[in-house]
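Working notes for the structure below.
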Amino acid sequence: MKQFKSNSWLLPQPVLIIGTYDKDGQPNAMNAAWGGQWDMHEIFISLGAHATTDNLKVNPEFTVAFATTETMVASDYVGIVSGRKVPDKLDRTGWTIEKAPTVNAPVFKELPMALECRVSRLIDESEDGCYLVGEIIGIVCDEKYLAADGKPDMEKMHLITFDPVHHTYIELGKTVGKAFSDGKQLV
């Protein structure tokens, strides 16, 4: 096996789009890859110092949506352009913005599913950023991305993952097994 120095290569990494409102009610979005499930009802995201972190201080509610193959260019754009420097950056995405049904945060209709969240706690806050733990208040999903059982269908969404090794995006693929079930073959 080839050995590498320590790096941020946990795979796969989600491509999360965080939606917030600023102090004047203007929507913002940023792309964040370093996040995941904290427990059954919370998520965590490692955030640098961004317009998003400023917004969360004045309004502790936000959405977390999942980027897709179809939204990849705009999703990458909101990660490389700062809302502090380009206040109208969302205009360039072409996304349709609505207020989330449960929290005071934007939902971007072109993104198939979003978690509606509230700040639970900020860990290790500094001028460089923080670790955000958010309570999941609700989930919204466009009905065209639902499976026959009425739940979100990941295959229909064409979700992408960030490859931190090669700095690319990869579309997640097809279902290959049944969790909490297939392993029973070895019992």
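Just so it is clear, none of the values below were taken in a lab; they were calculated from the coordinates. The shown structure was predicted, so the numbers you read here are calculated from the model rather than taken from an experiment. Quick reminder, even Gly has a Cβ in these numbers, built from the backbone with ideal geometry, and neighbours come from all protein chains shown.
Calculated on the Cα set of the chain, radius of gyration then Dmax: 17.1, 58 Å.
When each of the peptides 11-18, 91-98 is scored by how many other beta carbons lie within 10 Å of its residues on average, the order from highest to lowest is 11-18, 91-98. With contacts taken as Cα pairs under 8 Å at a separation of at least 6 residues, the chain carries a relative contact order of 23 percent.
Amide H to amide H distances under 5 Å link GLN13 with PHE162, where only residues 5 or more positions off or on other chains count and H is placed in the peptide plane.
Over the chain, DSSP H runs of length four or greater, each weighted -39,500 (n - 2.57), average out per residue to a 222 nm ellipticity of -3000 deg cm²/dmol. Paramagnetic label reach from GLU42 (point 7 Å along Cα→Cβ; backbone nitrogen cut-off under 11 Å): within the stretch 84-124, residues 119-123.
Remark on ALA100: its backbone amide H falls under 5 Å from those of ALA105, VAL107, a criterion applied only to residues 5 or more positions apart or on other chains, H modelled at 1.01 Å from N. Label reach from GLN26 (point 7 Å along Cα→C-beta): in the stretch 75-95, amide nitrogens under 14 Å belong to 82-92.
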